[in-house]
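Reading through the structure tokens given below for one structure.
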């Protein structure tokens with residue numbers, strides 16, 4: 001559900017940048033209450049894991065479409081809503097800058113759509129009341145499923161509204177919304193299942209992590225070695241190997257656009273759009289999660305052989321993208337956490 005710049009006007013894009021910056025500033029202010037140095041590596045590793053997981057597009061049967069994990073709800077469950085939102089912002093920033101996944105003008109929209117509705121609405125208003133401080137597998141499963149579906153539905157509807165307010169006439173509201181919402185309902189069900197599975201792993205390994213996140217408390221002396229090592233292995237394996245199996249079918253947003261306007265991508269026009277597109281092209285060193293190809297050449301890195309007949313293309317560019325992207329996200333999320341921790345310590349020192 002990563003929006004391209006062509007889907008929004010500069011006014012809408014700028015407005016959503018301001019809104020997202022406001023939510024980020026609020027999150028930084030709030031997270032100072034429960035930030036400790038032990039949460040910093042968890043933010044980094046969770047960011048790397050969600051980055052890798054978002055590379056896995058899974059086919060939606062009988063539709064010709066695909067979807068991928070959003071991850072906002074999962075981040076909120078494990079990190080709390082504030083650290084979860086900031087980690088999602090790190091993920092989407094890395095994707096837009098270095099992998100050309102989502103536009104730079106649309107980055108504010110993408111962070112808001114994938115981070116705000118899950119971390120600040122679905123998590124506190126749906127997930128937490130269902131779990132109600134009783135962390136049983138059944139409650140966590142039901143809560144994750146319902147919260148993931150509702151959070152993604154709100155994010156998908158926001159995409160429709162943003163295109164409407166941008167005056168994108170190729171995507172009329174009624175037709176577009178009647179396609180976007182049902183396909184993201186199916187994607188939301190899968191996201192709920194994955195979220196429940198990963199949250200269940202963390203709960204079984206260290207239940208205190210989820211409990212303290214729900215109470216906005218610092219992790220304190222909670223040991224995270226097992227959780228961190230498990231998530232690191234999962235991130236490397238997902239980004240480096242499982243990414244080969246990603247569906248090549250258009251994702252839910254592209255599919256809805258094609259059904260509505262006959263194209264999976266709209267052409268961006270205007271000075272701002274063209275300037276940002278040029279900046280993104282220069283910065284992104286692994287566009288579309290693969291090596292840049294010289295003009296007139298096929299994309300390098302694909303090893304096609306017996307596996308191709310089974311629908312598998314072993315692509316070194318994809319593997320490198322998964323590992324490098326995960327590491328970049330880990331570093332940015334960790335730097336964000338370290339910055340907040342430093343601000344907190346200086347604030348305490350100034351109050352003495």
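The table below gives the values:
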read-out: Residue 314 modelled with pLDDT under 75, touching a strand residue (DSSP E or B) at 6+ places or on another chain (Cβ under 7 Å) and more than 27 Å from residue 13 (Cα to Cα); value: yes
read-out: Test result for residue 25, without any contact (Cβ under 8 Å) to a residue 24 or more places away in the chain, in a helix (DSSP H, G or I) and surrounded by fewer than 24 Cβ atoms within 10 Å (Cβ to Cβ); value: yes
read-out: Residue in segment 105-138 that is surrounded by the most Cβ atoms within 10 Å (Cβ to Cβ), counting only those that are in contact with a helix residue (DSSP H, G or I) (Cβ under 8 Å, 6 or more places away or on another chain) and at pLDDT below 95; value: 135
read-out: Residue among 159, 177, 168 that is in contact with a helix residue (DSSP H, G or I) (Cβ under 7 Å, 6 or more places away or on another chain), buried (at least 16 other Cβ atoms within 10 Å of the Cβ) and modelled with pLDDT under 95; value: 168
read-out: Helices (runs of 4 or more DSSP H) wholly inside segment 106-186 containing at least 2 residues that are within 26 Å of residue 21 (Cβ to Cβ); value: 107-111, 137-165
read-out: Test: residue in segment 51-74 that is surrounded by 24 or more Cβ atoms within 10 Å (Cβ to Cβ), in contact with a strand residue (DSSP E or B) (Cβ under 8 Å, 6 or more places away or on another chain) and not in a loop (DSSP other than H, G, I, E, B); value: yes
read-out: Residues (free of Cβ contacts under 8 Å to residues at least 12 places away in the same chain and within 20 Å of the chain's Cα centre (by Cα)) located in segment 194-210; value: 197
read-out: So residue 183, is it touching a strand residue (DSSP E or B) at 6+ places or on another chain (Cβ under 8 Å) and modelled with pLDDT of 95 or more; value: yes
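Every residue, every condition in (1) under 24 Å from residue 104 (Cβ atoms); (2) assigned to a helix (DSSP H, G or I); (3) at pLDDT below 95; (4) out of contact with any helix residue (DSSP H, G or I) (no Cβ under 6 Å at 6 or more places or on another chain), yes or no:
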{"site": "291", "(1), (2), (3), (4)": "yes, no, yes, no"}
{"site": "308", "(1), (2), (3), (4)": "no, yes, yes, yes"}
{"site": "327", "(1), (2), (3), (4)": "yes, yes, no, yes"}
{"site": "331", "(1), (2), (3), (4)": "yes, yes, no, yes"}
{"site": "336", "(1), (2), (3), (4)": "yes, yes, yes, no"}
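The values are calculated or read from the model by the stated rules, or taken from the named source; none is laboratory data. Values in this document were obtained by computation on a predicted structure and should not be read as measured data. We place every Cβ from the backbone using ideal geometry, glycine too, and count neighbours over all the protein chains shown.
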